[in-house]
Amino acid sequence: MSATTALNIVEAQAQKFTEAIRQGDVEKVTALHTTHVRILPPESDLLQGQAAVRAYYRTLLDSGVKDMQIQTIDATFLNEKTIREIGLMTISLQTPAGQTQQMTAKYVVSWQEEHGEYKIDVDIWNS
């Protein structure tokens, strides 16, 4: 398992994730997470499970998030079923006044193979 393979897997899944965000499709976003996912958003409690992820991303999209750009810095296999990804992201948010604001953040994601597909198992980010 090479770093190139890990990067290819992560970039393909990240593309699906950002497309789902752009489409406002919470179900597609949720499906890219494992059944026992844990996410650690900034200034929030630890959220566990797909129901919590679904609710979080519904609130995020309802708050005006319209786009997300992801730049993977590193993707490494930790074992044959787990990839650690480190990266940067830019989130585009439309304010109630119609203005577009951008926020940047850094993140670490643990991707776990589940049912033959790599999915987000642990996700932590901050600005």
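Just add up the charged neighbours of Lys66: K/R +1, D/E -1, any other residue whose Cβ is under 14 Å from the Cβ of Lys66. Show your work: numbers first, answer last.
Working: positive: Arg22; negative: Glu19, Asp25, Asp62, Asp67.
Combined, the nearby Lys, Arg, Asp and Glu give -3.
Could you tell me the distance between the Cα centroids of region 26-65 and region 8-25, to the nearest Å?
For region 26-65 versus region 8-25, the Cα centre distance is 14 Å.
Counting only other residues whose beta carbon sits under 11 Å from that of Glu113, what net charge do I get with K and R as +1, D and E as -1? Present the calculation step by step, with values, prior to reporting the outcome.
Details: positive: Lys81, Lys119; negative: Glu80, Glu114, Glu117, Asp121.
Surrounding charge for Glu113 is -2.
Taking region 51-121, which trypsin sites (Lys or Arg not before Pro) meet the DSSP loop condition and have no more than 14 other C-beta atoms within 10 Å?
Details: sites: Arg54, Arg58, Lys66, Lys81, Arg84, Lys106, Lys119; in loops: Lys81.
Those satisfying the criteria are Lys81.
Determine the sum of side-chain charges near Ala55: Lys and Arg each +1, Asp and Glu each -1, restricted to other residues whose C-beta is under 13 angstrom from that of Ala55. Mind showing how you got there, number by number?
Working: positive: Arg54, Arg58; negative: Glu27, Asp45, Asp62.
So the environment of Ala55 carries a net charge of -1.
From the P(r) of region 3-126, could you give the percentage of C-alpha pairs in the tail past 25 Å?
Numbers: 1360 of 7626 pairs.
Tail fraction, whole percent: 18.
Compute the angle between helix 50-62 and the longest alpha-carbon principal axis of the chain, please, reported from 0 to 90 degrees and rounded to the nearest 10.
Between helix and principal axis, roughly 40 degrees.
Where does the chain land at 222 nm, in deg cm²/dmol rounded to the nearest 500, when only DSSP H runs of n ≥ 4 count, each adding -39500 (n - 2.57), divided by all residues?
Values: 3 runs with 40 residues, N = 127.
That calculation yields -10000 deg cm²/dmol at 222 nm.
For region 3-126: lysine pairs with Cα atoms under 16 Å, gap of 8 or more or different chains, count?
Numbers: Lys16/Lys28; Lys16/Lys66; Lys16/Lys119; Lys28/Lys66; Lys28/Lys119; Lys81/Lys119.
Taking the Cα cut-off of 16 Å, the pair count is 6.
What residue among Ala14, Pro96, Ser63 has its Cα farthest toward the positive end of the dipole of region 3-126, where the charges are +1 on Lys, Arg and -1 on Asp, Glu, each on the Cβ?
My answer, from the dipole projection, is Pro96.
Relative to 2.2 N^0.38 Å, what does the C-alpha radius of gyration of region 79-127 come to as a ratio? Two decimals please. If you can, show how the numbers build up before the last one.
On the way: Rg = 14.9 Å, N = 49, 2.2 N^0.38 = 9.7 Å.
Region 79-127 yields a ratio of 1.54.
For the peptides 20-30, 88-98, what is the packing order when you average, over each peptide's residues, the other Cβ atoms within 10 Å and list the highest mean first? Mind dumping the intermediate values first?
Numbers: 20-30: 16.7, 88-98: 12.7.
So the order, starting with the most tightly packed, is 20-30, 88-98.
Values in this text are rule-based calculations from the coordinates and carry no lab data. Since we're looking at a predicted model, the values are computed, not measured. Every residue, glycine among them, receives a Cβ derived from its backbone with ideal geometry; neighbour counts consider all protein chains shown.
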